[in-house]
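Engineer: Starting off with a structure, shown below.
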Amino acid sequence: MIDIKREDLLQLYYYLKLTRKLEDRVTSLYHQGKILGGAWTSNGTEAVSVGYGYALEKNDIAAPYFRDMGVFLIRGITAKRIMAQYMGKKTGVSGGKEGNVHIGDLNFGVLGFPSHLSDNYPVGTGAALAFKIRGEKRVVAACTGDGGTSRGDFHEGMNFAAVRQLPIVFFCNNNQYAYSTPLRLQMAVKNVADRSLAYGIPGKIVDGNNVIEVYMAAKEAYDKARNGGGPTFIECKTMRMHGHSEHDSAKYVPRELLEEWKKRDPIMNMEKYLLENNISKREELDDIGLRAKEEIDEAESFAMESPYPKPEDCFKGVYSTPIPEE
Amino acid sequence: MIDIKREDLLQLYYYLKLTRKLEDRVTSLYHQGKILGGAWTSNGTEAVSVGYGYALEKNDIAAPYFRDMGVFLIRGITAKRIMAQYMGKKTGVSGGKEGNVHIGDLNFGVLGFPSHLSDNYPVGTGAALAFKIRGEKRVVAACTGDGGTSRGDFHEGMNFAAVRQLPIVFFCNNNQYAYSTPLRLQMAVKNVADRSLAYGIPGKIVDGNNVIEVYMAAKEAYDKARNGGGPTFIECKTMRMHGHSEHDSAKYVPRELLEEWKKRDPIMNMEKYLLENNISKREELDDIGLRAKEEIDEAESFAMESPYPKPEDCFKGVYSTPIPEE
Amino acid sequence: MREITYLEAIKEALDEEMTRDPSVFILGEDVGVYGGAFRVTEGFYEKYGELRVLDTPLSESGFTGAAIGASLVGMRPVVEMQFADFISCAFDQIVSVAAKNHYRWGAATPIVVRAPYGGNIHGGAFHSQSIEGFFFNVPGLKIVAPSTAYDAKGLLKAAIRDNDPVIYCEHKYLYRRIKDDVPVEDYVIPLGKARIALEGTDVSIITYGAMVHTALEAAQTLKGKGISVEVVDLRTILPLDKKSILTTVKKTNKAVILHEQTKTGGVGAEVSALITEHCFEYLDGPVIRVAAPDTPVPYSAQMEEIFIPQTGDVVSAVEKLMHY
Amino acid sequence: MREITYLEAIKEALDEEMTRDPSVFILGEDVGVYGGAFRVTEGFYEKYGELRVLDTPLSESGFTGAAIGASLVGMRPVVEMQFADFISCAFDQIVSVAAKNHYRWGAATPIVVRAPYGGNIHGGAFHSQSIEGFFFNVPGLKIVAPSTAYDAKGLLKAAIRDNDPVIYCEHKYLYRRIKDDVPVEDYVIPLGKARIALEGTDVSIITYGAMVHTALEAAQTLKGKGISVEVVDLRTILPLDKKSILTTVKKTNKAVILHEQTKTGGVGAEVSALITEHCFEYLDGPVIRVAAPDTPVPYSAQMEEIFIPQTGDVVSAVEKLMHY
Ligand SMILES: Cc1ncc(C[n+]2csc(CCOP(=O)(O)OP(=O)(O)O)c2C)c(N)n1
Ligand SMILES: Cc1ncc(C[n+]2csc(CCOP(=O)(O)OP(=O)(O)O)c2C)c(N)n1
Ligand SMILES: [Mg+2]
Ligand SMILES: [Mg+2]
């Protein structure tokens, strides 16, 4: 029996459910034409963001990418604000300036996700550098996709963090595909974690569909980083169960592959674990699921009823310190 | 006894001498104020460019960086044109448009060096891709410095070449420093070659002060690439014996380190090898040295006597196909 | 003749050029098996094989640099940016290598970089940008921005056959929204030449890309008000067709410049400067620019609608100028 | 007061700001032990230690991104590009992340990117560029370009204390060539405000950076010819000080814009467009631009001399305008 408090295990389960339910709702709202623009979800890979997000401490910083819904929710960015963001409402995380998963809020220690994949690797590294300069015992968690690891910024961020032994843990949500591009056209190594050898950063591989495994690995790496042990790279092997975005039927993914992974659904895994080890009961889990559902119901109505931003909002906020026009 | 024809061994020696003499001449001309702008040399590391350059075949392509004088000379870009380029003359490689080591000439299969380090890794990869698409048995040799391997383009070029198993061999002139920056601030791995693990590209380490070792390793890797075996990365361990450029006294380099490496001078090494194995005699080597010296003397007078470009040349050549202004 | 969409026109140009010339090939993210995020290269992978329609790793600098290298040894690569916005990651290769190769060492770099750009698709700051401003001050590059299916095909063929690096700005909003007559026979539209999209006598609207349609709509409305508008479609924005710009202004003596790109430092600034520099004495009034405000592209529909210049904005600008 | 060089002024600003505010730190290539390629940070490593004067790996995108990240959690990083030209490698981080953070998610990004730019040093295409054009069409950025030691110090302090990303264009040619009075007391020069470098009545030369000195020389010559020139030093080029630009033109009714940056799509185009847009009726003649030709920076002295605008070019441009 691994030593995670029962309440933490139940919280992990709760966030898995909340993430799944939020994104499932987004999916159906998208098909009803109630979402503005596109809709991306992390379906099937929720254990990654929930696991590494939950292992962070309050003052730590997350530099996520766009399949990290669990992180947003765990850090305290509410389902209401996220749902409103999907609908382009004034009450959304960005007041309507940004959409869907392009989320960031310093009040909750979440650095904004720039579409350009892996840009947050160097950015996260910089936050970790600040902590080292100031001698603060805080860590950064940065995440990207398997495709994102092919970018120069992945290389430059990892290398700088390694040279300066910064308090940052790099995660990769290896969901087998980058849009339609399979791993074999993305890299010539067997594991994404093999990439970390180039930097002298220890690379770990975990089952990305097992939230406890992700959580434990993250916690261990954070502790190490927090105590001056330097960065770790953690590859979470999982599978993207939806298309790249909700408009994509993903015909390019072999059905058998999906069937295989369906049997390893992260929520199912967690339920099984909690029940078989008598940590929880069916009823309790159902209650948690219900709580999550209600939260999403509220989020949806909140978002639906929220006002749209004013057109003039467009002109505001380009600068933090605008130069007064006389 | 390794199997390199005697004439090849003597040619390798000749190009080592020619490179050294050309760059030494540039250095003294620089201090006499006869060079336009700065002067960079490869002093102490000549075996790298001479070794990998000499191993190339006529139709192969070089994507060099700025300490690859041996490659320029071996490919057929004459000392005259190079010296004239250093002086900003019309007869220089670029007709005065470019200076010093910013050299390229497709007539000799040399892709131009863009200052931005490692930009030539993806560029070289593209030339190799063209050969693969057309089914030509040609290879590309790309080179950069140890510092250059920290750039994103190093990562993106290596990764693409590996995924597509392209006919390219990547070299790194590891001369211990990037300007004033020592390896320990550049990377957290022991060998630059460790970086190649991230791509599934075999990494080799050779003595960069032993031209025969560099030549043999390059030849072997070219043969492999030429026959569909994919890319190889070759780290040439050596030492930059001058400053970053001729204006830099390199106080930041420990004198003892230079003393150590002085004993391993690549030209001295080669002379020793040729004499001890009775491949050549003192007189013959002196003749070769004299031939090299004369070539540089001619190059200098040619450059000195050459005209400067016309000011109006400035406006020409921006486009290959200019749009006629009516 | 038959009508095809802007997207079909791009697709046809690529297809015909690849058939005509074995040195033409395509590389980018998801252009192969998937046929591209916008389906522009659908079926190409099956038709031309995996070595001429290459799915690349997620690395814009890497595959753009590779395109440059391939072009230096005789190929004519067409790079697809999944969205124009990601061209920022390839900026160095385009500006430091491609743009300067010919001047620095005499090497032609015949690459085309396809940049699906522009707003009105609820894409936000990273899927809606007009990126011509990144490159407009970089000598050595050519930039085109077709507004019709006819131009999309003819300009892409010209770009592919040209020996210089060309950034081909294709407007995402037009992909499936416009259709026009496109000949089946091979044709090219010369780079660097603008066209008169509508003849007029009172005022000139100089524009390009999707805004050409906004200009034509505005011209319709203004016609009803008795104002005859000449609409000039630049087609190529780098280098600019100075002659056509000056000719129309000398004719109408009034100029309004329209673009979706943000105002400060936009193409309109250069066009305006050229006009005052070269035909100041012909001007009846100030040269007016109608452009997006100096902000990133906002997400919400309400904000994006005032971000992107609308017909009404153009109409009032013209009227303001007429009553100057 | 005492006279110090442009380079010493930059150095003093950095030194004083680092002493004043522990959140200010420096990162870049060779800025530590070596003191920077141009020796701007000489002695800083010894004084502030290796965590506040960081020698980075050779990776502009990486360390610029790191500066952005540090700034998001309370630091005020000053990034040194070894040469401005290499900023092309950091383009994506500056344009996609730094410039858009505040608009997209309300986060201030107080970074300064020092860009040693400009020609006249026989550096060629990769060590002489004016890079303001890369960023001039990007909302969210601020760009400054001091012309004197006094401005160099005051603008750098203002840039460091500002909460937005600022690209600080320091002209390499001026480093040790100019000296002027700089107070020992702390002072800042507000961003976004131009200055009158020379009062005059007949014609305005609007310029910035090293060209301010060329403009002043030209003004001297023209004075001898009885022409009174007003020289406006923009100081900040993004956002532009519209008010000062329009004020001088309304006063002299004639404008010449001068910059070392290449002409097409340069800052001069925007200034020209602003002038015709907002004070057309005040103009006695066309707005003339004197700028570098649309080519990469050539290496040889003979070519570079006609690439970079010379005093004579400015004098004849002004005379041409006076006789218009
Ligand atoms: C630099 C960059 N290029 C292209 C894109 C467009 N794009 C968005 S997601 C995606 C695939 C990402 O794959 P991966 O990194 O594996 O993440 P996943 O979507 O699988 O979670 C691409 C190409 C982007 N966001 N950033
Ligand atoms: C992208 C980029 N950044 C900065 C520079 C400036 N610069 C020129 S050489 C050099 C050091 C290069 O070190 P290394 O790669 O080890 O090559 P070496 O000079 O040692 O041969 C630097 C920083 C550059 N040329 N390119
Ligand atoms: Mg993936
Ligand atoms: Mg080195």
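Engineer: Please count how many residues of region D:251-269 are in contact with a Lys or Arg (Cβ under 9 Å, 6 or more places away or on another chain) and part of a helix (DSSP H, G or I).
Structural biologist: Initial filter on region D:251-269 (in contact with a Lys or Arg (Cβ under 9 Å, 6 or more places away or on another chain)): D:256-259, D:263, D:266, D:268-269.
From what is left, the residues that are part of a helix (DSSP H, G or I) are D:268-269.
Qualifying residue count, region D:251-269: 2.
Engineer: Can you pull out every residue in region C:306-315 that is more than 14 Å from chain A (Cβ to nearest Cβ) and within 24 Å of residue A:309 (Cβ to Cβ)?
Structural biologist: Correct list: C:311 only.
Engineer: Then there's this: Quick check: is even one residue across region A:99-109 acidic (Asp, Glu) and buried (at least 24 other Cβ atoms within 10 Å of the Cβ)?
Structural biologist: The answer is no; no qualifying residue exists.
Engineer: Condition test on residue B:169, is it away from ligand 3 (no atom under 16 Å from the Cβ), at pLDDT 95 or above and within 26 Å of residue B:219 (Cβ to Cβ)?
Structural biologist: Details: away from ligand 3 (no atom under 16 Å from the Cβ): yes; at pLDDT 95 or above: yes; within 26 Å of residue B:219 (Cβ to Cβ): yes.
Yes; evaluated as a whole, the condition is true for this residue.
Engineer: Answer yes if at least one residue in region B:120-142 is over 24 Å from residue C:54 (Cβ atoms) and surrounded by 24 or more Cβ atoms within 10 Å (Cβ to Cβ), and no otherwise.
Structural biologist: No: zero hits.
Engineer: Please state which of the following conditions residue C:268 fails to meet, knowing it meets all the rest: (1) more than 10 Å from every other protein chain (Cβ to nearest Cβ); (2) under 22 Å from residue C:216 (Cα atoms).
Structural biologist: With respect to (1) more than 10 Å from every other protein chain (Cβ to nearest Cβ); (2) under 22 Å from residue C:216 (Cα atoms), residue C:268 is out only on (1).
Engineer: Name the residues in region A:140-175 that are under 16 Å from the mean Cα position of the chain (by Cα) and either aliphatic (A, V, I, L, M) or more than 14 Å from chain B (Cβ to nearest Cβ) (or both), would you?
Structural biologist: To start, the set of residues in region A:140-175 that are under 16 Å from the mean Cα position of the chain (by Cα) comprises A:140-149, A:168-175.
Answer for region A:140-175, where residues must be under 16 Å from the mean Cα position of the chain (by Cα) and either aliphatic (A, V, I, L, M) or more than 14 Å from chain B (Cβ to nearest Cβ) (or both): A:140, A:141, A:142, A:143, A:145, A:168, A:169, A:171, A:173, A:174, A:175.
Engineer: Within region C:26-41, how many residues turn out to be more than 10 Å from every other protein chain (Cβ to nearest Cβ) and not small (Gly, Ala, Ser)?
Structural biologist: 5
Engineer: Exactly one condition in (1) more than 12 Å from the chain's Cα centre (by Cα); (2) surrounded by 24 or more Cβ atoms within 10 Å (Cβ to Cβ) is not met by residue A:27; state its number.
Structural biologist: (2)
Engineer: Listed residues D:110, D:116; which is touching a helix residue (DSSP H, G or I) at 6+ places or on another chain (Cβ under 9 Å), at the interface with chain A (Cβ under 10 Å from one of its Cβ atoms) and closer than 19 Å to residue D:13 by Cβ?
Structural biologist: Criteria check complete, one pass: D:110.
Engineer: Consider region A:267-298. How many of its residues are crowded, with 19+ Cβ neighbours inside 10 Å and either aromatic (Phe, Trp, Tyr) or not in a helix (DSSP H, G or I) (or both)?
Structural biologist: Selection size over region A:267-298: 1.
Engineer: Ok, one more. Across region A:170-197, what is the number of residues that are part of a loop (DSSP other than H, G, I, E, B) and either among the small types (Gly, Ala, Ser) or within 16 Å of ligand 2 (Cβ to nearest atom) (or both)?
Structural biologist: Final tally of qualifying residues: 2.
Engineer: Looking only at region A:195-204, decide whether some residue is buried (at least 19 other Cβ atoms within 10 Å of the Cβ), closer than 19 Å to residue A:7 by Cα and at pLDDT 95 or above.
Structural biologist: The answer is no; no qualifying residue exists.
Engineer: Turning to a different aspect of this structure: Do you know which residues across region C:72-115 are of a type in the set (Gly, Ala, Ser), under 24 Å from residue C:157 (Cβ atoms) and part of a helix (DSSP H, G or I)?
Structural biologist: Scanning region C:72-115 gives C:84, C:90, C:98.
Engineer: Just the residues that are within 13 Å of chain A (Cβ to nearest Cβ), without any contact (Cβ under 8 Å) to a residue 12 or more places away in the chain and out of contact with any Lys or Arg (no Cβ under 8 Å at 6 or more places or on another chain), please, taken from region C:277-305.
Structural biologist: C:305
Engineer: List the number of the failed condition for residue C:216; all other conditions in (1) surrounded by fewer than 24 Cβ atoms within 10 Å (Cβ to Cβ); (2) in contact (Cβ under 8 Å) with a residue 60 or more places away in the chain; (3) among the hydrophobic types (A, V, I, L, M, F, W, C) hold.
Structural biologist: (2)
Engineer: With the structure loaded, tell me whether residue D:26 is among the hydrophobic types (A, V, I, L, M, F, W, C), outside any helix (DSSP H, G or I) and either at pLDDT 95 or above or away from ligand 4 (no atom under 16 Å from the Cβ) (or both) or whether it fails that test.
Structural biologist: yes
Engineer: Starting from residues that are away from ligand 1 (no atom under 16 Å from the Cβ) and not in a loop (DSSP other than H, G, I, E, B), keep the ones in region C:119-133 and report whichever is farthest from residue D:99 (Cα to Cα).
Structural biologist: Among those that are away from ligand 1 (no atom under 16 Å from the Cβ) and not in a loop (DSSP other than H, G, I, E, B), it is C:132.
Engineer: Of the residues A:181, A:149, A:144, only one is touching a Ser or Thr at 6+ places or on another chain (Cβ under 6 Å) and either modelled with pLDDT of 95 or more or more than 11 Å from ligand 1 (Cβ to nearest atom) (or both); which?
Structural biologist: Selected residue: A:144, the only one of A:181, A:149, A:144 that is touching a Ser or Thr at 6+ places or on another chain (Cβ under 6 Å) and either modelled with pLDDT of 95 or more or more than 11 Å from ligand 1 (Cβ to nearest atom) (or both).
Engineer: On to the next question. Any residue in region B:27-47 that is assigned to a loop (DSSP other than H, G, I, E, B) sitting within a Cβ distance under 6 Å of a residue that is within 16 Å of ligand 4 (Cβ to nearest atom) and aromatic (Phe, Trp, Tyr)? List the pairs, counting only those 6 or more apart or interchain.
Structural biologist: The qualifying pairs are B:40/B:66.
Engineer: It is to be established whether one or more residues within region B:235-255 are in contact (Cβ under 8 Å) with a residue 12 or more places away in the chain, more than 16 Å from ligand 4 (Cβ to nearest atom), more than 23 Å from residue B:79 (Cα to Cα) and in contact with a Phe, Trp or Tyr (Cβ under 9 Å, 6 or more places away or on another chain).
Structural biologist: Looking for residues that are in contact (Cβ under 8 Å) with a residue 12 or more places away in the chain, more than 16 Å from ligand 4 (Cβ to nearest atom), more than 23 Å from residue B:79 (Cα to Cα) and in contact with a Phe, Trp or Tyr (Cβ under 9 Å, 6 or more places away or on another chain), one finds none in region B:235-255, hence no.
Engineer: Then there is this: Given the criteria in contact (Cβ under 8 Å) with a residue 60 or more places away in the chain, farther than 25 Å from residue A:123 by Cβ and basic (Lys, Arg), does residue D:153 qualify?
Structural biologist: Details: in contact (Cβ under 8 Å) with a residue 60 or more places away in the chain: yes; farther than 25 Å from residue A:123 by Cβ: yes; basic (Lys, Arg): yes.
Criteria met by residue D:153.
Engineer: What are the pairs, 6+ residues apart or on separate chains, where a residue within region B:114-137 that is more than 7 Å from chain C (Cβ to nearest Cβ) and of a type in the set (S, T, N, Q) has its Cβ under 6 Å from a residue that is in a helix (DSSP H, G or I) and more than 16 Å from ligand 3 (Cβ to nearest atom)?
Structural biologist: B:115/D:126; B:118/B:148; B:118/B:153; B:118/B:154
Engineer: Applying the selection to region C:252-268, what residues are within 18 Å of residue D:257 (Cα to Cα) and in contact with a Phe, Trp or Tyr (Cβ under 9 Å, 6 or more places away or on another chain)?
Structural biologist: Hits for region C:252-268 are C:264, C:265, C:266, C:267.
Engineer: Here is a further query. What is the one condition in (1) over 20 Å from residue A:321 (Cα atoms); (2) part of a loop (DSSP other than H, G, I, E, B); (3) within 14 Å of chain C (Cβ to nearest Cβ) that residue D:177 does not satisfy?
Structural biologist: (3)
Engineer: A further question follows. Which ones in region C:283-314 are under 13 Å from residue C:123 (Cβ atoms), assigned to a helix (DSSP H, G or I) and in contact with a strand residue (DSSP E or B) (Cβ under 9 Å, 6 or more places away or on another chain)?
Structural biologist: The answer is C:307, and nothing else.
Engineer: Same structure again: Out of all the residues in region B:157-195, which are free of Cβ contacts under 8 Å to residues at least 60 places away in the same chain, touching a Pro at 6+ places or on another chain (Cβ under 7 Å) and away from ligand 4 (no atom under 16 Å from the Cβ)?
Structural biologist: Listed by number, the residues that qualify are B:157, B:159, B:160, B:163.
Engineer: Of everything in region B:224-266 that's assigned to a loop (DSSP other than H, G, I, E, B) and of a type in the set (Lys, Arg), which residue is nearest to ligand 2 (Cβ to nearest atom)? Working first, answer last.
Structural biologist: Here is the first cut: in region B:224-266, the residues assigned to a loop (DSSP other than H, G, I, E, B) are B:227-231, B:238-254, B:263-265.
Next, only the ones that are of a type in the set (Lys, Arg) stay: B:240, B:251, B:263-264.
Values: B:240: 6, B:251: 16, B:263: 21, B:264: 17 Å.
Checked region B:224-266; the qualifying residue nearest to ligand 2 (Cβ to nearest atom) is B:240.
The values are calculated or read from the model by the stated rules, or taken from the named source; none is laboratory data. Here the structure is a predicted model, which means the values were calculated and not measured. Methodologically, a virtual Cβ is constructed for each residue, glycine included, from the backbone with ideal geometry; neighbour enumeration extends over all protein chains shown.
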